Amino acid sequence: MMNLFQDIRYALRQLRKSWGFALVVVITLAMGIGANTAVFSVMNAILLQMLPVSRPEGLSYVRMANDLGQAPNSDSSGDSATSFPEASFEALRQRSDVFEELVAYVPLSFTGSVAVRYGELPEESEGEEVSGNFFSGVGVRMLAGRGFTLDDEKNHAPIVVLSYDYWTRRFSRNPAVIGQTLFVKSVPLTIVGVTVRGFKGIEPATSTDFWIPFQINKQLNAWGTTGEYGGFYERPKWWFLRMMARLRHGVTPLQAQQALAGTFGEVVIKSLGKFDLKQWQPLIDFVPARGISGYSEEFREPVQILMGLVALVLLIACTNVAMMVQARNAVRQREFSLRLALGARKLGIFRQLLCESLLLVAAGAGLGWLFALSATRALTVWSGIETGLSPDRTVLLYTLAISSVAAIAFGLVPLWSAMRAPVAGVLRSTATNTTAHRGRVLSGRIVLVAQMAICLVLLMAGGLLLRTLRNYANENLGIQTQGLLVFGVTPQGQESHLFYRTLIDRLRTTPGVESVSMAENRPGSGWTNNGDAIIDGVQQRGANLRSNGVGANFFETMGVPVLEGRDIRDTDTEKNLLVAVVNQTFAKKYFNHGSPIGHQLGGDHPSTIVGVVADSKYNGVAENSQPMAYYAEMQSPALGTMHMEIRTRGEAQAMVPVLRKVVTQIYPNIPMEKPMTQLEQFEESYRRQRMFAAMGGFFGILAALLVATGLYGTHSFRVSRRTTEIGVRMALGARRSQILAMVMRESLWILIAGLIAGLPLTFLAIRPLKSMLYQMSPFDPVSFTVAIVAMVAVAALAALLPARRAAHLEPMQALRTE
């Protein structure tokens, strides 16, 4: 132990003497380790991480099997692959031979957020309705109070449980909150419990603030739907409920699927009637609750690609550090030889070198961990993933593992060269005239060439991803987003038509507002209404029609040109003729040689087409034009949450406080939901692609920086070792330009060799990127050109400073260094 302390003290003294070297090594390692840790945090959250509950390995999400989706002729809310009727939950939960526990849950709105009030000011928070066994079945402990019981579900108890984060954020961890009242959509609920720290719900990628038992109060209807369409237990054809299962020990997912087919099929037949088993089968599947369900398949390949890219960054960082340590130890060969000549053992020198490496790697890993924490917070914002991205024990172990490998490598690699020099030969030489072995020089050049090749791959990948991001940003939305603001509102107990008429009239008179309209689904949010295309009573076979309910002057407000007919008007109310407006793609597909104006659209209660508008984006930026219908929402029997579209005269975001004040003056208990510019909303539709592009671009720049550092260090070291040679050359008549060219020439050959090795490697490596690109080829010539130009700039700048220093050496001063 005493020897270990002595080694540490000696290592600290050595590193303090060469603090510049130590600083560069630590920063280089921090960038490599930190970048790897940040990307692994994403991979861990999306693919590996389990829920922070008791026995998480036994939990599974319940979903429809074979990508069949919900049964024909059923009504849906949410994802058709994960939505089930309430009657199926009641039937399946009785199968105690299959399930140890089966829980159900459903959001309180399509956006997840609902109006909540504690005290005077309303706010929006994310809430869910859950079954009575939710907390006990999932395995969630309470920090304070209690969870729910089956009696709470049966009696639809007006109670609520808070998450730890929401309790902290809204109530400052006040223990007296138990028993107090929280108003959810103006409905009073008693707070009965607070969950333990770390549990944020089981809904993928989102953070839930509170939970309530299943309710019959239509104000708290599932998905925020209006009571006029039926409540929680009143619509047997409504597929809306999500479920999570804990299978009994020994029951496999396949066995459970086969055992439950009959029970599930009986429920479907009872609610929907008989169906063709060849077209749809009543089979359910069980997906382990690991990672983020629904994201794992979509993002598995991009995350794995990023892990490959960031591993290359770490490889460059490690080889850079290895070369720097090698160069430093080459200068210290006289020290090693002297110690060996005085009787020191090679094991002792190795222990000393390993101790120095451990100190450097420990400092680099610590700084890298801080870098990873900051990077992960940025990734949380970019990705929209609210849960799981924080580095946990798995991420920490991963960081420790790669740091340990690096530490051992840095101790072993330089030892070989340190131990090989003949003792007498080195003692007779000086620190400045010891020449490098030809094999060592060649191996160093091979490492630099490999770094250049890897750098080309990373620059190309980063360039492709950044140009993809540019394509997203420059996509024509078909909407004039300048000055356009959007926010959601939800009526609470008021008659919905009067609520929106009053609100719109007041907003129209607000200074700074040009026009006002509304939409059932916010453009760019990812939510769409989809149904069959029925034209003049005839259903179009195999045709899917997207639709949205909108308010008066919607297209004028959005800046979408009306090509034929008219916009939705204030006079299009529930008492007048039902009307609809279709887009240009619809008109071309179904009325290529005529006008759709005057034709009927829909089944039981058809709407008359009164206008044709230009195509515009609806679901998100990346969607292709599809047939689209816009219905006058004021003609609906009832309106739920609507999204107000406000065109302003100035900066849209600056109008948010003004509009919030207007809404509060009319309806004090109703908050503005997710106010943002319409452009920001569309940008959210590709925020995960933006995350991947930002990371890819960062890795490319980081690789170029690391390669430049390695090249600069190598050239500087070799110039310093050749000081005498350069002095002799200049004394014999060599011009400064020739010395400059000599050093630059070596960098040029490394660049050429790196490009020769990197081009075929790049062609192979970028093929998997095709799935991550938008409107461009993985062999984009512009990206290739930019990557190569960047490589040339890196090689030139890295060699220029050492070359200039060599060219400005004074011959006599160089000769005197001996």
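Only residues that are aliphatic (A, V, I, L, M) and open to solvent by 70 Å² or more (accessible area, probe 1.4 Å): list them for the range 528-580, please.
VAL538, LEU563, LEU577
Residue check: is LEU189 among the aliphatic types (A, V, I, L, M), more than 31 Å from the chain's Cα centre (by Cα), at pLDDT 95 or above and within 30 Å of ASN521 (Cβ to Cβ)?
yes
Yes or no, residue by residue, for (1) part of a helix (DSSP H, G or I); (2) at pLDDT below 80; (3) within 30 Å of THR252 (Cα to Cα):
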site	(1), (2), (3)
GLY294	no, yes, yes
VAL303	yes, yes, yes
VAL310	yes, no, no
VAL321	yes, yes, no
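Which condition does SER109 not pass, out of (1) open to solvent by 40 Å² or more (accessible area, probe 1.4 Å); (2) in contact (Cβ under 8 Å) with a residue 40 or more places away in the chain; (3) outside any strand (DSSP E or B), if it passes all the others?
The one condition SER109 does not meet is (1).
Does ALA115 qualify as being in a strand (DSSP E or B), out of contact with any Gly (no Cβ under 9 Å at 6 or more places or on another chain) and on the phi < 0 side of the Ramachandran plot?
So ALA115 fits the description; yes.
Could you figure out which of (1) touching a strand residue (DSSP E or B) at 6+ places or on another chain (Cβ under 8 Å); (2) surrounded by fewer than 17 Cβ atoms within 10 Å (Cβ to Cβ); (3) under 25 Å from ASP505 (Cβ atoms) isn't true of PRO606?
Evaluating PRO606 over (1) touching a strand residue (DSSP E or B) at 6+ places or on another chain (Cβ under 8 Å); (2) surrounded by fewer than 17 Cβ atoms within 10 Å (Cβ to Cβ); (3) under 25 Å from ASP505 (Cβ atoms) leaves (3) as the failure.
Going through the range 613-648 one residue at a time, which ones are within 14 Å of THR677 (Cβ to Cβ) and of a type in the set (D, E, K, R)?
The answer is GLU645, ARG647.
Among the listed residues THR195, THR225, THR208, which satisfies the condition of being of a type in the set (S, T, N, Q), closer than 27 Å to ASP75 by Cα and open to solvent by less than 10 Å² (accessible area, probe 1.4 Å)?
That would be THR208, the only listed residue that is of a type in the set (S, T, N, Q), closer than 27 Å to ASP75 by Cα and open to solvent by less than 10 Å² (accessible area, probe 1.4 Å).
Listed residues SER18, SER125, SER80; which is buried (at least 18 other Cβ atoms within 10 Å of the Cβ), of a type outside the set (A, V, I, L, M, F, W, C), in contact (Cβ under 8 Å) with a residue 60 or more places away in the chain and out of contact with any helix residue (DSSP H, G or I) (no Cβ under 6 Å at 6 or more places or on another chain)?
Result: SER125 is the single residue among SER18, SER125, SER80 that is buried (at least 18 other Cβ atoms within 10 Å of the Cβ), of a type outside the set (A, V, I, L, M, F, W, C), in contact (Cβ under 8 Å) with a residue 60 or more places away in the chain and out of contact with any helix residue (DSSP H, G or I) (no Cβ under 6 Å at 6 or more places or on another chain).
Just the residues that are more than 16 Å from GLN304 (Cβ to Cβ) and surrounded by fewer than 15 Cβ atoms within 10 Å (Cβ to Cβ), please, taken from the range 765-776.
GLN775
Restricting attention to the range 165-192, and to residues there that are assigned to a helix (DSSP H, G or I) and basic (Lys, Arg), which single residue is surrounded by the most Cβ atoms within 10 Å (Cβ to Cβ)?
Per the criteria, the residue is ARG170.
Quick one: is MET644 part of a strand (DSSP E or B) and surrounded by 22 or more Cβ atoms within 10 Å (Cβ to Cβ)?
So MET644 fits the description; yes.
Of all residues in the range 635-663, how many are touching a residue at least 12 places away in the same chain (Cβ under 8 Å) and either among the acidic types (Asp, Glu) or more than 30 Å from PRO606 (Cβ to Cβ) (or both)?
16
Which of the numbered conditions does GLN94 fail, given that it passes all the others? Conditions: (1) at pLDDT 90 or above; (2) in a loop (DSSP other than H, G, I, E, B); (3) open to solvent by less than 10 Å² (accessible area, probe 1.4 Å).
(3)
Might you check whether a residue that is without any contact (Cβ under 8 Å) to a residue 24 or more places away in the chain, surrounded by fewer than 17 Cβ atoms within 10 Å (Cβ to Cβ), of a type in the set (Ser, Thr, Tyr) and within 28 Å of LEU247 (Cα to Cα) occurs anywhere in the range 134-152?
yes
The values are calculated or read from the model by the stated rules, or taken from the named source; none is laboratory data. Everything numeric here is computed off the predicted structure, so don't read it as measured data. Methodologically, a virtual Cβ is constructed for each residue, glycine included, from the backbone with ideal geometry; neighbour enumeration extends over all protein chains shown. The accessibility values were calculated without ligands, DNA or RNA, using every heavy atom of the protein model including side chains. Shrake-Rupley method; radii C 1.70, N 1.55, O 1.52, S 1.80 Å.
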